[in-house]
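Okay, so here's the structure we're looking at.
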Amino acid sequence: MFKTHGIVPITDGVYWIGANDRETDKFEGLWELPHGMAYNAYFLDGDKTCLIDTVKSSYMDDFLFRLSRLLGDRPLDYVIVNHMEPDHSGAMELIRRLYPGVKFVGNAKTAEFMKHFYGIEEGVVTVKEGETLDLGSRKLVFAFAPMVHWPESMATYDPDSKILFSNDIFGGFGAVEGRLFDDAADCGWAVSEMMRYYVNIVGRFARPALAALAKVRTLDISMICPSHGPIWRRDPERVIALYEKWSRQETEEGAVVVYGSMYGNTKVAADAIANGLSGNGIKTVQVYDISRANMSYVTTDTWRYRGLVLASCTYNLELYPPMAALLRLYENKNMKGRHIGLCGTYSWAPAALKEMREFVDRSKGGWTLVDPSPEIRSYPTAADIETCELLGKNMAEAIRDK
Ligand code: FEO
């Protein structure tokens, strides 16, 4: 097999030729990348040559070099466009210039995006759900996954190798050099980063994800090749089951306490709530300072655990801005089925608790409020601390595994 230039053989006639990014600080300008990011693209060699997805435009060099090494003097016949977000489609326009006869394969929605992103209207092959693309040596099948992550998102299945090229689905944060395969490295990190990717990128579309997973369940899969993160071949079933659990918004015993505090006084209240939780048997209590925590970790733990407590100060007659941003994110993610506790503080005009209550009300039962909701002036009194501990105790009882 061909083993140079960063090309990684996956199985006969299938190669990884993607890119690893250790320079970008935040994916989508929002989500921190402490382990970098991978844009996976795959080359299928055979009677026809075929690329599955491309890479982010700023990472084209290595990718195009790898592609050219594999093609040699042959033309590139097809590019399958599973998803048009620029982290996967960024090299399309240059590929069209380098390989003028190439055909871009996607669905009707994909064609709209191709036109508006890159002005590509010629050489587009539009496929329907379940349609096949005959490459001679193999026939690929397309399964649409609308809204996982965009309306045009789809997956490509190779019945011959039983590989599912799933694009964003089953993808995770993290560069993959030296750890492309889940059975060749310690992949504990990868599962955590797959969940963080799921919650922050796909989570809002949990219901469409379940519909896509139902299609996945009809396929005989030996290996999942996503467009981010490692290739899952040790136990694809485990990965599918995790995705189903997250998409059903199933939670675990545990709580997240998030506080917003300018001078540490609200932090005192948050600590009392956290102590109330741990003192009443909750072994996992994750405490975040919203002024410093990266939101993507807060949202991921919130998705995972059954309980959430928000403790926030008031700022200029309104909820403390970082806490307001977090609530906006929770609403965007459409989280449901969790318990929530609230604690507001103020010195001269109470607003934090009121705004957080309005957030709970807007969820129309999505969050179950646990009492009491302490409202504290300036610095917690001994009685306030007792109320905070009681909130922690009541939350512990609400979220404990039954
Ligand atoms: Fe990895 Fe929705 O793009």
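Here are the numbers:
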quantity	calculated
The range 332-352, residues that are surrounded by fewer than 23 Cβ atoms within 10 Å (Cβ to Cβ) and not in a strand (DSSP E or B)	ASN332, LYS333, ASN334, LYS336, GLY337, SER347, TRP348, ALA349, PRO350, ALA351
Those residues of the range 228-250 which are in a loop (DSSP other than H, G, I, E, B) and open to solvent by less than 40 Å² (accessible area, probe 1.4 Å), in sequence order	HIS228, GLY229, PRO230, GLN249
Residue check, VAL298 open to solvent by 50 Å² or more (accessible area, probe 1.4 Å), within 27 Å of LYS245 (Cα to Cα), not in a loop (DSSP other than H, G, I, E, B) and not hydroxyl-bearing (Ser, Thr, Tyr)	no
Tabulated pairs, the range 80-92, first open to solvent by less than 10 Å² (accessible area, probe 1.4 Å), second at pLDDT below 95 and within 8 Å of the ligand (Cβ to nearest atom), C-beta under 9 angstrom, 6+ apart or interchain	HIS83/HIS149
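Residue-wise test of (1) at pLDDT 95 or above; (2) within 28 Å of VAL298 (Cβ to Cβ); (3) of a type in the set (Phe, Trp, Tyr); (4) within 16 Å of the ligand (Cβ to nearest atom).
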residue: HIS5; (1), (2), (3), (4): no, no, no, no
residue: ILE10; (1), (2), (3), (4): yes, no, no, no
residue: ILE17; (1), (2), (3), (4): yes, no, no, no
residue: ASP25; (1), (2), (3), (4): yes, yes, no, no
residue: GLY36; (1), (2), (3), (4): yes, yes, no, yes
residue: ASN40; (1), (2), (3), (4): yes, yes, no, yes
residue: GLY46; (1), (2), (3), (4): no, no, no, no
residue: ASP53; (1), (2), (3), (4): yes, no, no, yes
residue: LYS56; (1), (2), (3), (4): yes, yes, no, yes
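For (1) free of Cβ contacts under 8 Å to residues at least 40 places away in the same chain; (2) over 10 Å from GLY341 (Cα atoms), each residue gets a yes or a no:
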residue	(1), (2)
ARG357	yes, no
GLY366	yes, yes
LEU369	yes, no
PRO380	no, yes
GLU389	no, yes
MET395	no, no
ILE399	no, yes
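Results for (1) assigned to a loop (DSSP other than H, G, I, E, B); (2) surrounded by fewer than 21 Cβ atoms within 10 Å (Cβ to Cβ); (3) basic (Lys, Arg); (4) touching a residue at least 24 places away in the same chain (Cβ under 8 Å), shown as yes or no for each residue.
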position: HIS5; (1), (2), (3), (4): yes, yes, no, yes
position: PRO9; (1), (2), (3), (4): no, yes, no, no
position: GLY46; (1), (2), (3), (4): yes, yes, no, yes
position: THR54; (1), (2), (3), (4): yes, no, no, yes
position: LEU67; (1), (2), (3), (4): no, no, no, yes
position: GLY101; (1), (2), (3), (4): yes, yes, no, yes
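The values are calculated or read from the model by the stated rules, or taken from the named source; none is laboratory data. For clarity, every value in this text was computed on a predicted model and none was experimentally measured. Cβ coordinates were reconstructed from backbone atoms using ideal geometry, including for glycine residues, and neighbour counts include every protein chain displayed. Side chains included, ligands, DNA and RNA excluded: accessible areas come from the protein's heavy atoms. Shrake-Rupley method; radii C 1.70, N 1.55, O 1.52, S 1.80 Å.
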